[in-house]
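**Student:** After the structure tokens below, expect a handful of questions from me.
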Protein chains: 2
Amino acid sequence: MTGIDTAVERAEEAGAKWRAIPAAERATILEGVADALLKHADELWPVADAETHLGEVRLRGEIGRTASQFRLFAEVLRDGGAAEAVIDHADPQATPPRPDVRRMNRPIGVVAVFAASNFPFAFSVAGGDTVSALAAGCAVVVKAHEGHPRTSDLTASVVRQALPDPGLLGLVHGFEAGGPLVRHPLVTAVGFTGSLAGGTAVRRLIDQRPDPIPFYGELGSVNPVIVLPSADPATVAAGFAASLTLGVGQFCTNPGLVFVPEVGGFEREIGDAVAATTGGRMLTAKIHDGYLRAVDLLAARPEVARLATGAAGAAPDAVTPQVFTASLEAFADGLPELGEECFGPAAIVVKYRDPSDLSAVLPRLPGSLTATVHAGPEAEDAGAVGAVVQVLQRLAGRLIWNGWPTGVAVTWAMHHGGPWPASTASAHTSVGAAAIRRWLVPVAYQDWPAALLPPELQDGNPLGVPQRVDGRLRV
Amino acid sequence: MTGIDTAVERAEEAGAKWRAIPAAERATILEGVADALLKHADELWPVADAETHLGEVRLRGEIGRTASQFRLFAEVLRDGGAAEAVIDHADPQATPPRPDVRRMNRPIGVVAVFAASNFPFAFSVAGGDTVSALAAGCAVVVKAHEGHPRTSDLTASVVRQALPDPGLLGLVHGFEAGGPLVRHPLVTAVGFTGSLAGGTAVRRLIDQRPDPIPFYGELGSVNPVIVLPSADPATVAAGFAASLTLGVGQFCTNPGLVFVPEVGGFEREIGDAVAATTGGRMLTAKIHDGYLRAVDLLAARPEVARLATGAAGAAPDAVTPQVFTASLEAFADGLPELGEECFGPAAIVVKYRDPSDLSAVLPRLPGSLTATVHAGPEAEDAGAVGAVVQVLQRLAGRLIWNGWPTGVAVTWAMHHGGPWPASTASAHTSVGAAAIRRWLVPVAYQDWPAALLPPELQDGNPLGVPQRVDGRLRV
């Protein structure tokens, strides 16, 4: 426990100095972290590969992505819009008279981050939660994922070299560290990427605090794909098989449900494509066992039949991609269980007769990070698309057209969230520029002396940030 | 239960049509509601007065405020910034290639609103939660407060006349209605203004859902006031006594703790000012009994002494304003209990020796909606102000200079929130333009056909809303 207390107390102290540094200077420091990560890529990837079996290409790519995340948040800080500066001048003539009120976002305090298993860089110690919290002006204490402790230590040491104070990035290890971290009175918010069970446990811990703090968790997603009759079966099958098996299916955006027309050869093409895939070794023994158990449970369900199985590949303990099939009616009978995520390269192909039949079943699916539509030239399915889209945009945070959900661009517009269990806070995202908002809280200053106002809220706008003044947004 | 199911199902249906109406048309409808409320003010206030004893002047003023809230959200809709439209064009040259991603906010679905007792118009059936949810494109089902059922019915009928579909504003009555409403599968978010106990119960109900939904609650606030040595004792005392007793102390922003220098006559002036006040009849028998019980408990605490008591006034069952006193050390010994809100016209005056002594005690207070500083010309207390402000802006959502927390301006910049228990979601506000954000969820569209994009996300920007395009905010 002492290690946790020390990490949180150091973070609190380091955070007080960090949030006093102007945003533009914090931006430069974040770019320094990006440089450090790239500079140490040759050391970082082999350590991660030994722990995760993800291979050099993927891991180098992921280090690049992690560095880009630091660069994006440097841009966000320089832009200044995340401060959301709003100025309402006093109106003494109003009934009742209106005071001068100015609001902006401030860092929430020390953020606890639970690292994910499946992205040892991009969703781990130096991942999206950490960089968005640092950008917000918060210090972070990460609970390392047990699947890659050495990668976590090495990453932390690389990042710390580029930070003004190593206390800004605390790191604690061990499953038992989670409880005391979440309960610590100086921790003001929690970020989490992991399983539904793990996230539910963290939520329970937060509820037991005298002051339940915000919980931003990404807990699971089945990512439905709707294939309309106008889509091309061979293209869909090839894309699906590739997306399903990317990273041995260990993506939170892995497509777990594919709805296809019962005619047109979609089922057969998908079966053939998956049969031609190769699996691989999973991240940890626990994830490996969990996948085998989930697939066995699925195979035993009366509503589904096995459609195809890929090859295992040469790796020790490699798992095989698996795809099952069910009619829409049988699938509906098997809900809610058949709508649950199976973490790994497994999916159900659900066959429908008419696209209009989908509208009754799709709303019964749990919330997802993504939902995908495949279709030919739009006009052909205009009616079907309209109805399906109405349902999908209440079901998922990102809608994809003729593409695949795996791969999440790190940009201003990205939204990586959705209704429970995709996210515990559906108004927020864990990827993209808006992820910073989770670690910011607004503070309004009423009739505050000009000399004591933060620069973002001063009339002269010395920092040149976007301001909304008396109702008008100015950039 | 049938009544609740019917209300929610009607709301779901009405909401589907409502969110399809362009924002500018929804704005006009909201202005129609404002007009209807003002037109019916002569009928509304007497019904509310019979149930709440708040009097004509206050209630007419509150109807005006309620109407202004509808007008502010009409402005918000016409501005279009709440959609938060973000467009990132594709970048096929990037590594990895970047798709076209566009994000905007969409209505979350049916919102359940728990009305407050203390503002029968502005925080009730037609209050801030309802209007911000309607503005967001959501239908609402309100659980009426038991303290003013007839006012609730009459308000609902007035509002419904101005809405395109009465199902957009459902209304259910009775303490037992809360559970089934929160558990209803079609309810997607909950707004709540009320007690810590009530809010904790609602949170527990939400946790028991298979899909815990967002909970935006305002549960209590003690609103500390820091009086620095340079402030004028008579001015502070007069302002404090007026704020403490406004509406018989039944404001969520009522100042419950005042920190004053032990020298300078602050304590005596405050005692005299409160002794000269008059109390009144409270909103309900339950609130009345709760106030008496809380004051008795406070009076029995060894850390505090009674400083002054106001007059009861002529009203039946009227309560008296009460003010207690404690040294900073004794107060600190009595935490956390002495930091809890006592709903009604009661407060503790805490005497400190040196402003620097406050920094150790203030962080131990619970989160508040507001924190106030009283000081003379700034320079005199520059050092003290700096240290105190650092603490206060992590403790409260709104900081007030030489004013009083009661009275919350309905503007773009207002923030009415704070750390728990002031709010269950400290990134959000329940008053002011940003309150709409609680009922919106982002949806990102990836490589989506232009013809199927919402107008807010089209390249031509046909609605002229603020858009962030490839990282640049444009208005």
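The values are calculated or read from the model by the stated rules, or taken from the named source; none is laboratory data. This is a predicted model, so every value here is computed, not measured. Glycine gets a Cβ as well: all are built from the backbone with ideal geometry, and neighbour counts include every protein chain shown.
**Student:** Which one is surrounded by the most Cβ atoms within 10 Å (Cβ to Cβ), of the residues in region A:36-93 that are part of a helix (DSSP H, G or I) and in contact with a strand residue (DSSP E or B) (Cβ under 6 Å, 6 or more places away or on another chain)?
**Tutor:** A:Ala83
One line per residue, one yes/no per condition, for (1) closer than 21 Å to B:Val227 by Cα; (2) modelled with pLDDT under 95:
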residue	(1), (2)
B:Val274	yes, no
B:Glu303	yes, no
B:Ala308	yes, no
B:Glu329	yes, no
B:Glu340	yes, yes
B:Gly344	no, no
B:Val350	yes, no
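**Student:** A further question on this structure: State which residue is nearest to A:Ala90 (Cα to Cα) when the search covers only region A:444-461 and only residues that are surrounded by fewer than 24 Cβ atoms within 10 Å (Cβ to Cβ) and facing another protein chain (nearest Cβ under 7 Å).
**Tutor:** A:Asp447
**Student:** Being among the hydrophobic types (A, V, I, L, M, F, W, C) and at the interface with chain B (Cβ under 7 Å from one of its Cβ atoms) is the filter here, so list the residues in region A:462-475 that pass it.
**Tutor:** Of everything in region A:462-475, those that are among the hydrophobic types (A, V, I, L, M, F, W, C) and at the interface with chain B (Cβ under 7 Å from one of its Cβ atoms) turn out to be A:Leu473, A:Val475.
**Student:** If you don't mind, another one. Suppose we filter B:Pro185, B:Pro212, B:Pro224 for residues that are in contact with a strand residue (DSSP E or B) (Cβ under 9 Å, 6 or more places away or on another chain), at pLDDT 95 or above and farther than 27 Å from B:Leu44 by Cβ; which single one remains?
**Tutor:** The unique qualifying residue is B:Pro224.
**Student:** Test of understanding: among A:Phe259, A:Phe240, which residue is in the same structural domain as A:Leu362 (by TED's automatic domain parsing), outside any loop (DSSP other than H, G, I, E, B) and touching a Lys or Arg at 6+ places or on another chain (Cβ under 9 Å)? Working first, answer last.
**Tutor:** Details: A:Phe240 fails: touching a Lys or Arg at 6+ places or on another chain (Cβ under 9 Å).
Just one listed residue meets the conditions, A:Phe259.
**Student:** Also, I was wondering about something else. Among the residues that make up region B:198-219, is at least one of them among the polar types (S, T, N, Q) and in contact (Cβ under 8 Å) with a residue 60 or more places away in the chain?
**Tutor:** No.
**Student:** How many residues does region B:134-165 contain that are of a type outside the set (Gly, Ala, Ser), assigned to a helix (DSSP H, G or I) and touching a residue at least 40 places away in the same chain (Cβ under 8 Å)?
**Tutor:** Counting residues in region B:134-165 that are of a type outside the set (Gly, Ala, Ser), assigned to a helix (DSSP H, G or I) and touching a residue at least 40 places away in the same chain (Cβ under 8 Å) gives 9.
**Student:** Also, quick follow-up: I'm trying to understand the selection: among the residues of region A:55-98, which are aliphatic (A, V, I, L, M) and either without any contact (Cβ under 8 Å) to a residue 40 or more places away in the chain or under 18 Å from A:Ala409 (Cα atoms) (or both)?
**Tutor:** Residues satisfying the conditions are A:Val57, A:Leu59, A:Ile63, A:Ala67, A:Leu72, A:Ala74, A:Val76, A:Ala94.
**Student:** Right, something else. With the requirement that a residue be among the β-branched types (Val, Ile, Thr) and surrounded by fewer than 22 Cβ atoms within 10 Å (Cβ to Cβ), what does region B:346-364 give you?
**Tutor:** Of everything in region B:346-364, just one residue is among the β-branched types (Val, Ile, Thr) and surrounded by fewer than 22 Cβ atoms within 10 Å (Cβ to Cβ), namely B:Val361.
**Student:** Before we move on, is B:Gly265 surrounded by fewer than 22 Cβ atoms within 10 Å (Cβ to Cβ), at pLDDT 95 or above and among the small types (Gly, Ala, Ser)? Before you say what the answer is, go through the steps one by one.
**Tutor:** Values: surrounded by fewer than 22 Cβ atoms within 10 Å (Cβ to Cβ): yes; at pLDDT 95 or above: yes; among the small types (Gly, Ala, Ser): yes.
In short, yes.
**Student:** Would you mind telling me which numbered condition in (1) within 24 Å of A:Asp207 (Cβ to Cβ); (2) part of a loop (DSSP other than H, G, I, E, B) B:Leu369 fails?
**Tutor:** (2)
**Student:** Can you tell me which residue is nearest to A:Gln458 (Cα to Cα) among those in region A:63-90 that are more than 9 Å from chain B (Cβ to nearest Cβ) and among the charged types (D, E, K, R)?
**Tutor:** A:Arg78
**Student:** Looking at region A:209-225, can you tell me whether even one residue there is more than 14 Å from chain B (Cβ to nearest Cβ), in a helix (DSSP H, G or I) and within 19 Å of the chain's Cα centre (by Cα)?
**Tutor:** There is no residue in region A:209-225 that is more than 14 Å from chain B (Cβ to nearest Cβ), in a helix (DSSP H, G or I) and within 19 Å of the chain's Cα centre (by Cα).
**Student:** Restricting to region B:386-398, name every residue that is facing another protein chain (nearest Cβ under 7 Å) and surrounded by 23 or more Cβ atoms within 10 Å (Cβ to Cβ).
**Tutor:** Of everything in region B:386-398, those that are facing another protein chain (nearest Cβ under 7 Å) and surrounded by 23 or more Cβ atoms within 10 Å (Cβ to Cβ) turn out to be B:Gly397, B:Arg398.
**Student:** Moving to a separate point now. Being more than 14 Å from chain B (Cβ to nearest Cβ), over 23 Å from A:Asn118 (Cβ atoms), more than 19 Å from the chain's Cα centre (by Cα) and not acidic (Asp, Glu) narrows it down to one residue among A:Ala237, A:Ala231, A:Ala156, A:Ala177; which is it?
**Tutor:** That would be A:Ala237, the only listed residue that is more than 14 Å from chain B (Cβ to nearest Cβ), over 23 Å from A:Asn118 (Cβ atoms), more than 19 Å from the chain's Cα centre (by Cα) and not acidic (Asp, Glu).
**Student:** Condition test on A:Ala144, is it within 29 Å of A:Lys286 (Cα to Cα), over 21 Å from the mean Cα position of the chain (by Cα) and buried (at least 22 other Cβ atoms within 10 Å of the Cβ)?
**Tutor:** no
**Student:** If we scan region B:409-430, do we find a residue that is closer than 30 Å to A:His89 by Cα, crowded, with 23+ Cβ neighbours inside 10 Å, in the same structural domain as B:Cys138 (by TED's automatic domain parsing) and touching a His at 6+ places or on another chain (Cβ under 6 Å)?
**Tutor:** The answer is yes; a qualifying residue exists.
**Student:** Can you go through A:Ile287, A:Ile213 and tell me which one is of a type in the set (A, V, I, L, M, F, W, C), outside the structural domain of A:Gly383 (by TED's automatic domain parsing) and more than 29 Å from A:Val389 (Cβ to Cβ)?
**Tutor:** Going through A:Ile287, A:Ile213 in turn, the sole match is A:Ile213.
**Student:** Within region B:22-32, can one find any residue that is in a helix (DSSP H, G or I) and within 14 Å of chain A (Cβ to nearest Cβ)?
**Tutor:** Yes: region B:22-32 contains one or more residues that are in a helix (DSSP H, G or I) and within 14 Å of chain A (Cβ to nearest Cβ).
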